[in-house]
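*Asks:* Quick one: the structure is below, and I'll ask about it shortly.
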Amino acid sequence: MHILVPGPIARLVPLQKNGWFVFSYVKTEDQNKIAGGLSGLVKGIMMFLFSQKGFNLAVGMRLPCGKDQHFFVKFPLLCALQDEKAIKAFNNTKRSAGWKCCHDCKNIMNTKPSKLENDDYLHHYALAVPSQFDRHTTETFYEMVDVLAEVHGKIPTGKFELLEKAYGVSHRPDGILLEKTLRRHYSIIDHTYWDPMHMLLSSGGVAQYEINAFVLAILGVELPGPDGTCVPVTLEALDAFGQQVVFSDKRRLPKTFFSKEDCFNQG
Ligand SMILES: [Zn+2]
């Protein structure tokens, strides 16, 4: 799990405008000993670095630079690079455990698609298209956080847990979300940088769905073969094509990469 926070400069070089700033390296087992876990840990570090009373990276400081010279350095937080697990642990979002799995959207749901069939506003995450996304703003997201804090202990536990699921946010008094002095410096909505390696390419990423949909779309389409006659695209033909592709480390796709995949076969 990692959190990288980029600020205007990473090294103290006067002419450098932007860079990455590693907040801290802490063992996961040690994070868990801190009240609020990762969220509480980063909250604590941020409250020190963005203090209300004195030292504040967003306000900046004057530093010496050679004889009788100074330069001014400021580190306002521009974005936070996190993988999915870190986003959840840092921001106390529910992700796949909630009915809303995406913190960016108000209306993209994690439930059975059949439950949403007749709904014009709510959409299933696997079926929604970007024009249907109703996006949160920083204000609407933290409104949910504040409602949870407000009603906690005043409504039955079962109802409260349903509300957390519906919002896709957990109520954690020790977490960063309820630290209002930090909201001007960090917001999950404004500062989340979707790490492309995790979000697009790795096992939970969307690239595999795109490739899957593309393969399903071209299956059966007739293309000119080597002798000029038209032949339909088959999984076997894709495998034959795949065998011609050699990766830089000399590996190839498995011989039946496409034809053994159930999702392609079921259509
Ligand atoms: Zn979304």
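The values are calculated or read from the model by the stated rules, or taken from the named source; none is laboratory data. Only a predicted model underlies this, so the values are computations on that prediction, with no experimental measurement involved. Backbone-built Cβ (ideal geometry, glycine too); neighbour counts: all protein chains shown.
*Asks:* Only one of (1) at pLDDT below 95; (2) touching a helix residue (DSSP H, G or I) at 6+ places or on another chain (Cβ under 8 Å); (3) within 30 Å of Ala58 (Cα to Cα) is not met by Leu216, so which one is it?
*Replies:* (3)
*Asks:* Check region 231-239 and report whether any residue there is out of contact with any Asp or Glu (no Cβ under 8 Å at 6 or more places or on another chain) and free of Cβ contacts under 8 Å to residues at least 12 places away in the same chain.
*Replies:* Scanning region 231-239 turns up at least one residue that is out of contact with any Asp or Glu (no Cβ under 8 Å at 6 or more places or on another chain) and free of Cβ contacts under 8 Å to residues at least 12 places away in the same chain.
*Asks:* Give, as residue ranges, the strands (runs of 3 or more DSSP E) completely inside region 160-267 that count at least 2 residues that are farther than 30 Å from Asp146 by Cβ and not assigned by TED's automatic domain parsing to the domain that holds Met144.
*Replies:* 222-224, 230-232
*Asks:* Taking region 144-159, which residues are assigned to a loop (DSSP other than H, G, I, E, B) and among the basic types (Lys, Arg)?
*Replies:* The one that is assigned to a loop (DSSP other than H, G, I, E, B) and among the basic types (Lys, Arg): Lys154.
*Asks:* It is to be established whether one or more residues within region 79-89 are over 17 Å from Arg135 (Cα atoms), in a helix (DSSP H, G or I), more than 12 Å from the ligand (Cβ to nearest atom) and touching a Ser or Thr at 6+ places or on another chain (Cβ under 7 Å).
*Replies:* Checked against the condition, which is being over 17 Å from Arg135 (Cα atoms), in a helix (DSSP H, G or I), more than 12 Å from the ligand (Cβ to nearest atom) and touching a Ser or Thr at 6+ places or on another chain (Cβ under 7 Å), region 79-89 yields at least one hit.
*Asks:* Are there any pairs, at least 6 apart or on different chains, whose C-beta atoms fall under 8 Å, with the first in region 11-24 and assigned by TED's automatic domain parsing to the domain that holds Cys79 and the second basic (Lys, Arg) and at pLDDT below 70, and if so, which?
*Replies:* Note: pairs meeting the criteria are Gly19/Arg11.
*Asks:* Go through region 16-44 and give me each residue that's crowded, with 16+ Cβ neighbours inside 10 Å and either polar (S, T, N, Q) or at pLDDT 85 or above (or both).
*Replies:* Correct list: Gln31, Ile34, Gly36, Gly37, Leu38, Ser39, Gly40, Leu41, Val42, Lys43, Gly44.
*Asks:* Would you mind telling me which numbered condition in (1) among the small types (Gly, Ala, Ser); (2) surrounded by fewer than 16 Cβ atoms within 10 Å (Cβ to Cβ); (3) at pLDDT 95 or above Ala207 fails?
*Replies:* Just one mismatch for Ala207, condition (3).
*Asks:* Restricting attention to region 219-252, which residues are closer than 30 Å to Tyr125 by Cβ and surrounded by 12 or more Cβ atoms within 10 Å (Cβ to Cβ)?
*Replies:* Leu219, Val233, Leu235, Leu238, Gly242
*Asks:* Suppose the filter is of a type in the set (S, T, N, Q), out of contact with any Ser or Thr (no Cβ under 6 Å at 6 or more places or on another chain), within 20 Å of Ser187 (Cβ to Cβ) and within 16 Å of the ligand (Cβ to nearest atom); does Thr93 pass it?
*Replies:* yes
*Asks:* Name, by its number, the condition in (1) more than 25 Å from Ser202 (Cα to Cα); (2) modelled with pLDDT of 85 or more that does not hold for Phe72.
*Replies:* (2)
*Asks:* Quick one: in region 99-153, which of the residues that are more than 10 Å from the ligand (Cβ to nearest atom) and of a type in the set (Gly, Ala, Ser) is modelled with the lowest pLDDT?
*Replies:* In this case the residue turns out to be Ala126.
One line per residue, one yes/no per condition, for (1) within 16 Å of Glu84 (Cβ to Cβ); (2) aromatic (Phe, Trp, Tyr); (3) surrounded by fewer than 17 Cβ atoms within 10 Å (Cβ to Cβ):
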{"position": "Pro130", "(1), (2), (3)": "no, no, yes"}
{"position": "Phe133", "(1), (2), (3)": "no, yes, yes"}
{"position": "Glu143", "(1), (2), (3)": "no, no, yes"}
{"position": "Ile155", "(1), (2), (3)": "no, no, yes"}
{"position": "Lys159", "(1), (2), (3)": "no, no, yes"}
{"position": "Leu182", "(1), (2), (3)": "no, no, no"}
{"position": "His191", "(1), (2), (3)": "yes, no, no"}
